[in-house]
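Scroll down for the structure; my scribbles are underneath it.
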Amino acid sequence: MSSKVSLRFAANISTMFTEIADFTDRYAAAAAAGFKGVECMFPYLVPVEQLKAAKQRSGVQHVLMNAIPGDWEAGDRGIAAIPGREREFKDSLQKSLQYAKALQCKRIHVMAGLLPKTYTNANLQEQQQLWHDYSTVYVSNMQYAADLFHQDDITLLIEPINSLLSVPLYFVDTNSKALELMKAINRENVKLQLDLFHVQVSNGNLKKTLQQLFTHIGHIQISQVPDRNEPDELGEINYPYILNTIQQLGYNDWIGCEYFPRGKTLDGLGWVGNYLS
């Protein structure tokens, strides 16, 4: 037991503490609950100076944020892979970087976007051409982003998001695709954001997946399957076993709690009590 690393958990204040209407107050709420770190999805509706002040008052680290994903309300789920939107992508990185620097956040997840609806019914040759076109744009854009982030010692994260349950037609929907694209991007500050919810939905085999991908991992996220609630015992994933596996592997970076509490956030923190104490 003494050889195990201590696990560090970051509350996702986009999904947790939502009973607190003011987003900036969630920093203090996470700190009061015992978290030393927070992460979030998209902080861009709140002026950056307000976020910076709230973070500083709380004393927590802001460890992860998502880059601007395009027009979320219009259906965008990232634009890094979308042909014809390269300039929009590159321009949007400036605001994402502004927020990350102000919050001293050293990890940015950049979402890829969706394949066109025509992809599903296209023949094999058409699908291969679409994959080629989208991957060419994606690799170029991510190289640009990685080089930009590198100037401020920021890690660019790629998260495989399952297309079976969560985001149909998501461009990077499997670990194998992510690794293939990371190899093509070929930048040292590009890492894998491994969300165990998506891994379980896509292929399961969590322990072996963690072992095989360990050297590529830059961030881990957890939640229970099938409803993305607290990572407790009420679901498909045996989290005591999985967290023990993560400890045994020697993972010493942050684990993001990107889940939706079944009730009030504090009422559902029993699973993490031993780790925060």
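Residues of the range 57-73 that are closer than 14 Å to Lys101 by Cβ and assigned to a loop (DSSP other than H, G, I, E, B): Ala67 alone. Meeting the requirement of 2 or more residues that are at pLDDT 95 or above and among the hydrophobic types (A, V, I, L, M, F, W, C), the helices (runs of 4 or more DSSP H) wholly within the range 158-277 are 175-185, 196-202, 206-213, 239-249.
Each residue in the range 17-56 was checked for being in a loop (DSSP other than H, G, I, E, B), within 25 Å of Asp267 (Cβ to Cβ) and touching a Phe, Trp or Tyr at 6+ places or on another chain (Cβ under 7 Å), and 1 of them qualify. Residue pairs whose Cβ atoms lie under 6 Å apart, sitting 6 or more positions apart in sequence or on different chains, and linking a residue in the range 49-72 that is over 22 Å from Thr155 (Cβ atoms) to a partner that is open to solvent by less than 30 Å² (accessible area, probe 1.4 Å), are Gln50/Thr24; Ala54/Thr24; Ala54/Tyr27; Ser58/Tyr27. Check whether at least one residue in the range 80-98 is open to solvent by less than 10 Å² (accessible area, probe 1.4 Å), part of a loop (DSSP other than H, G, I, E, B) and in contact (Cβ under 8 Å) with a residue 40 or more places away in the chain, and report yes or no. Checked the range 80-98: at least one residue is open to solvent by less than 10 Å² (accessible area, probe 1.4 Å), part of a loop (DSSP other than H, G, I, E, B) and in contact (Cβ under 8 Å) with a residue 40 or more places away in the chain. Among residues of the range 108-136 being part of a loop (DSSP other than H, G, I, E, B) and among the small types (Gly, Ala, Ser), the one that is least open to solvent (accessible area, probe 1.4 Å) is Gly113. Is it the case that some residue within the range 42-57 is of a type outside the set (Asp, Glu), under 30 Å from Leu249 (Cβ atoms), open to solvent by 60 Å² or more (accessible area, probe 1.4 Å) and over 20 Å from the mean Cα position of the chain (by Cα)? Checked against the condition, which is being of a type outside the set (Asp, Glu), under 30 Å from Leu249 (Cβ atoms), open to solvent by 60 Å² or more (accessible area, probe 1.4 Å) and over 20 Å from the mean Cα position of the chain (by Cα), the range 42-57 yields no hits at all. Restricting attention to the range 58-77, the residues that are under 19 Å from Phe9 (Cα atoms) and within 20 Å of the chain's Cα centre (by Cα) add up to 7. Checking each residue in the range 168-192 for being crowded, with 19+ Cβ neighbours inside 10 Å, of a type in the set (A, V, I, L, M, F, W, C) and more than 21 Å from Asp147 (Cα to Cα) picks out only Phe171. Residues in the range 194-246 that are under 21 Å from Leu164 (Cβ atoms) and among the acidic types (Asp, Glu) were compared, and the one that is surrounded by the most Cβ atoms within 10 Å (Cβ to Cβ) is Asp195. Exactly one residue among Asn252, Asn274 is in contact (Cβ under 8 Å) with a residue 24 or more places away in the chain, open to solvent by 60 Å² or more (accessible area, probe 1.4 Å) and either within 12 Å of Arg8 (Cα to Cα) or in contact with a Pro (Cβ under 6 Å, 6 or more places away or on another chain) (or both), and that residue is Asn252.
The values are calculated or read from the model by the stated rules, or taken from the named source; none is laboratory data. As the structure is a computational prediction, the values presented were derived from the model and not from experiment. For neighbour counting, all protein chains shown are included, and Cβ atoms are generated from backbone atoms with ideal geometry for every residue, glycine included. When the accessible area is computed, the model is the full protein with side chains, heavy atoms only, and any ligands, DNA or RNA have been set aside. Shrake-Rupley method; radii C 1.70, N 1.55, O 1.52, S 1.80 Å.
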